[in-house]
1. I'd like to check something: does the stretch 381-389 contain any residue that is closer than 30 Å to Thr292 by Cα, in contact with a Leu (Cβ under 9 Å, 6 or more places away or on another chain), surrounded by fewer than 20 Cβ atoms within 10 Å (Cβ to Cβ) and touching a residue at least 40 places away in the same chain (Cβ under 8 Å)?
2. Taking the criterion of being assigned by TED's automatic domain parsing to the domain that holds Thr56, under 24 Å from Met49 (Cα atoms) and part of a loop (DSSP other than H, G, I, E, B), would at least one residue in the stretch 135-146 satisfy it?
3. Within the set of pairs 6 or more residues apart or between chains, which connect a residue that is surrounded by 21 or more Cβ atoms within 10 Å (Cβ to Cβ) inside the stretch 165-191 to a residue that is modelled with pLDDT under 95 with Cβ atoms less than 7 Å apart?
4. Working carefully through the options Val70, Val60, find the one that is outside any helix (DSSP H, G or I), assigned by TED's automatic domain parsing to the domain that holds Ala121 and either within 30 Å of Arg353 (Cα to Cα) or among the hydrophobic types (A, V, I, L, M, F, W, C) (or both).
5. Please give the helices (runs of 4 or more DSSP H) falling wholly within the stretch 174-286 in which 1 or more residues are under 21 Å from Ala33 (Cα atoms).
6. Looking at the stretch 258-272 only, could you name the residues that are touching a residue at least 40 places away in the same chain (Cβ under 8 Å) and either out of contact with any strand residue (DSSP E or B) (no Cβ under 7 Å at 6 or more places or on another chain) or surrounded by fewer than 22 Cβ atoms within 10 Å (Cβ to Cβ) (or both)?
7. When only residues in the stretch 409-429 that are of a type in the set (Gly, Ala, Ser) and in a strand (DSSP E or B) count, which is surrounded by the most Cβ atoms within 10 Å (Cβ to Cβ)?
8. In this structure, is Pro278 in contact (Cβ under 8 Å) with a residue 24 or more places away in the chain, buried (at least 21 other Cβ atoms within 10 Å of the Cβ) and within 25 Å of Lys524 (Cα to Cα)?
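The values are calculated or read from the model by the stated rules, or taken from the named source; none is laboratory data. Because the structure is a prediction, the values reported are computed rather than measured. Counting neighbours? That spans all protein chains shown, and the Cβs are built from the backbone with ideal geometry, glycine included.
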Amino acid sequence: MTEKVWHRHYPKDISAEMEFPDKTMPDILTETAAKIPEHVALKFYGREMTYKELLTFSTVFASSLQKAGVRKGDRAAIMLPNCPQYVVSYYGILKAGAIVTQVNPMLMEQELIYLLKDSGAETIVVYEPLYPRIRAILEETSLKNIIVVSFEEQQPDLQGEDASFQQFVGRGDGKLEPVQINAESDIAVLQYTGGTTGLSKGAMLTHRNILANAFQSHEFFRREFEFGKERCLTVIPLFHVFAMSSAMNLSILTGSANILLPRFELQEVLETIKTEQPTTFPGVPTMYIAITNHPEAENYGIDSIHLCNSGSAPMPVETMKEFEHKTGAKILEGYGLSEASPVTHCNPAFAERKPGSIGIGIPSTEYKVVDLGEGRQEVPAGEKGELIVRGPQVMKGYWNMPEETDHTLRDGWLFTGDIATMDEDGYVFIVDRKKDLIISSGYNVYPRDIEEVLYEHPAVQEAVVIGVADAYRGESVKAIIVKKAGQDLTEEELIEWARGRMAAYKVPRAVEFRKELPKTNVGKILRRALREEERQRDGS
C-alpha cells in the first residue's frame with residue numbers, strides 16, 4: 001500500500017504534509033514566553049512558574065553550565081522525577097548547546113555505570129535521595145559537575161565541589177556565549193531505550209527531530225488545543241520520550257499550563273484532577289485502568305478532561321470504553337518509539353477512531369507493513385508484517401552503535417520490530433513485538449490477541465500473557481492476572497471461560513494471580529521481567 005491512503009482522512013484545515021521552521025525547542029520557549037509571559041507554564045504542589053520565569057531560569061541555568069565548562073556537544077544527564085527543575089534543566093542544557101541525556105531514576109549502580117560511561121556525560125542533575133548512588137560510582141564515570149535537586153527547604157549535605165541546584169543557578173548571570181546549532185544534524189537528546197533486546201541503546205534525537213514531533217502532534221490535534229488555554233496533567237515521567245514530547249514540549253508549543261506530579265499515586269492524581277481541572281491527560285493504559293476502577297472516580301471532576309493521548313503500551317478496548325463512559329473524554333490511542341521522538345501514529349479526533357488500532361500516521365510520516373523476513377516486500381492489507389516508518393522525527397542513529405544503526409535504519413526507513421497489520425484505510429493494528437511472539441505447536445500466538453479477550457472478563461483488572469517452556473508444544477500460553485477488588489475468580493474458571501472465546505491453541509494452559517504486575521516508571525507492564533522470572537523458575 002505505497003499510496004498514502006491515510007491522507008484522505010485529513011480535513012482541509014489540518015495538514016497531512018508540513019514544513020518545519022529552522023528553529024529549536026528553546027526558540028519555541030522564547031516565542032511562547034514573549035506571547036504570554038505571565039501565563040502559568042508549570043504547576044507543582046501549589047507552586048507556579050510563569051513562562052517568563054521559565055525562560056529566565058533556563059537561560060540562567062544555561063549560563064551556569066557554560067561557566068562550569070560545558071560546551072556544545074557535551075552530554076549533560078538529568079536524573080530527576082517530574083518537577084520544575086527538570087524542565088529548567090532540559091531547556092537550559094539545550095540552550096547551552098549540550099546534549100540532554102535522559103536517565104531513569106530507577107536505575108541501579110551497574111546500570112548507571114553503563115549509561116554514564118556510554119554517553120560520556122560529564123554533568124548530571126540528580127534528585128537528592130539518589131545522590132549517594134551517583135557518589136558511589138563516581139570514579140567509574142567521567143562526571144565533573146554534580147548538581148543536586150532537593151524538595152526540602154534546607155540545603156542538601158554535599159561532598160567536594162558538588163552543588164545544590166540553587167547554588168549552581170546562582171553562578172549564572174544569564175549571559176550566554178553564542179552557540180551555533182544546526183537543527184538538522186546536531187543532537188539534542190540521547191534517549192536510551194529500555195534494553196529489552198540487550199544493552200540499552202542511546203537514540204540520537206536531533207533538534208529537528210524533537211521540534212518536528214511537537215509540531216506534528218500539535219497539527220494532528222489542532223482542533224483539540226486552544227493556545228494558552230489548556231492544562232496538561234503530566235504524571236508520566238519526563239525522562240520517558242512520550243512525556244518529553246507529548247507533555248513537556250507540546251505544552252511549551254501550545255502555551256499550556258503543565259501540572260507536574262512526580263509519580264502515579266491514584267488518590268493524589270484524583271485529588272489533583274479535582275483541584276486543577278486539567279483539560280488534557282497523556283497517559284498509559286494502566287493509569288486509565290486504575291482511574292476507571294476507582295469506585296468514586298466521577299466525584300473528582302474527571303469530566304474536565306477532554307483529551308487523553310494514550311501511548312507506550314496497547315490500550316485494552318474494554319478499558320477505553322469504560323473510561324470514556326465515565327469521563328466523556330476521548331482516548332486517542334497512539335504509537336511511538338524512542339527512535340522516532342516518539343510519536344508516529346495516533347487515532348484521529350477528526351476522523352473515525354478504530355478501537356484496537358493505533359490509528360493513522362501523523363503529519364509528514366510515511367509507513368508501510370513489510371514481510372517479516374528481509375523486510376523488502378510490502379504485504380497486502382490485512383496481512384501481518386513488520387511496521388516501518390519514515391519522517392522528520394526519526395532519529396539520526398544509535399550513539400556509538402553503527403551496526404545497530406544500520407540494522408534499524410535502512411534507506412531512511414526505521415524498522416520498528418513491531419508486528420502489525422494495516423487495513424485498506426491506512427489504519428494500523430499492532431499485533432505484538434517480534435520478540436513477544438509465542439510459537440505453540442507450530443502456531444504463531446500473539447499475546448495481545450489473548451489479552452484483549454481476557455480484559456473482557458468482568459473480574460479481570462490487568463492481564464499479561466507470556467510463553468513458557470513446554471516439552472511437547474515448544475511453548476504454551478500462561479496468563480498472569482490481577483483481579484478487580486472484591487472479585488472471585490479461579491484458574492479453572494478463567495481457562496474454561498477463555499475456551500469459549502478463542503482457538504484452542506491460544507487458550508492459557510496456566511493462570512497465575514497476583515496483587516500487582518511489575519511495571520516501568522511510566523506504567524508499562526514489564527512482560528520481559530515476567531518471562532525472566534519464569535525462565536529462572538524453570539531453570540532454563
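1. No.
2. Scanning the stretch 135-146 turns up no residue that is assigned by TED's automatic domain parsing to the domain that holds Thr56, under 24 Å from Met49 (Cα atoms) and part of a loop (DSSP other than H, G, I, E, B).
3. Cβ pairs passing all conditions: Gln191/Val241; Gln191/Ser338.
4. Testing whether each residue is outside any helix (DSSP H, G or I), assigned by TED's automatic domain parsing to the domain that holds Ala121 and either within 30 Å of Arg353 (Cα to Cα) or among the hydrophobic types (A, V, I, L, M, F, W, C) (or both) leaves just Val70.
5. Helices (runs of 4 or more DSSP H) meeting the threshold: 207-220, 250-254.
6. Leu261, Pro262, Arg263, Phe264
7. Ala420
8. yes
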